[in-house]
Amino acid sequence: MQSKADKPDRKRQSGVIPQKVLWKAGTMLAPLPVSMVTCQAPGGKPNIITVAWAGTVCSEPPMLGIAVRPSRYSFNLIRQGKAFVVNVPTIELTAATDSCGVWSGRNVDKFKRLGLTPLPSKTVDVPGIAECPVSLECRLRHEIPLGSHTLFLGEVMGVQVTASLLD
């Protein structure tokens, strides 16, 4: 067991605050968890996009935000379908997650090519991914153009979780 004298004390270590310098503005919060976001235009085929910029933006009502470039195929699918599903991949899905960020859904059915299973959603008209342990079903509530990306804000309408994880 450490005695009080052995425990680090920031005040006693040096007494000097490190000097800071102003650096170029940029996105310095990395790494972030990567999500596999599913989207679909009404009557269209579902697509999967890899999204690294995603996170909680509100707890009441529960809302998530995802940042998507307007040039991406999935951008208009989200707008048209007014919904998306944020799927949390496992380590076993690393290669599939990477591939979804490389291939465009304009030319490839990513579900078929990667052997993934569309999971019917309970609350939105966009499937999740059955192989992902968590799928957060979101209804599009707002979109905010920010520059290189648009922030899509979705209200979480339902969450599907692999049952064995809840034991």
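The values are calculated or read from the model by the stated rules, or taken from the named source; none is laboratory data. Bear in mind the structure is a predicted one, so any value in this text is a computation, not a measurement. Glycine also receives a Cβ, built like all others from the backbone with ideal geometry; neighbour counts cover every protein chain displayed.
Residues to consider are THR97, THR162, THR123, THR117; find the one that is over 16 Å from THR38 (Cβ atoms) and of a type in the set (Val, Ile, Thr).
Just a single option satisfies the conditions, and that option is THR162.
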Inter-residue pairs, beta-carbon under 8 Å, first touching a residue at least 60 places away in the same chain (Cβ under 8 Å) and in the range 68-86, second of a type in the set (Lys, Arg), 6+ apart: PHE75/ARG69; ALA83/ARG139
Hits in the range 79-117 (condition: within 27 Å of THR56 (Cβ to Cβ) and assigned to a loop (DSSP other than H, G, I, E, B)): LYS82, PRO89, THR90, GLY105, LEU116, THR117
Flag if LEU165 is exposed (fewer than 14 other Cβ atoms within 10 Å of the Cβ) and assigned to a helix (DSSP H, G or I): yes
Residue in the range 52-59 that is part of a strand (DSSP E or B), buried (at least 18 other Cβ atoms within 10 Å of the Cβ), in contact with a Ser or Thr (Cβ under 7 Å, 6 or more places away or on another chain) and at pLDDT 95 or above present: no
Odd one out for VAL37, checked against (1) modelled with pLDDT of 85 or more; (2) part of a loop (DSSP other than H, G, I, E, B): (2)
All positions within the range 118-139 that are surrounded by 22 or more Cβ atoms within 10 Å (Cβ to Cβ) and not in a loop (DSSP other than H, G, I, E, B): GLY128, ILE129, SER135, LEU136, GLU137, CYS138
Qualifying residue in the range 140-159 (condition: among the acidic types (Asp, Glu) and either crowded, with 20+ Cβ neighbours inside 10 Å or in a helix (DSSP H, G or I) (or both)): no
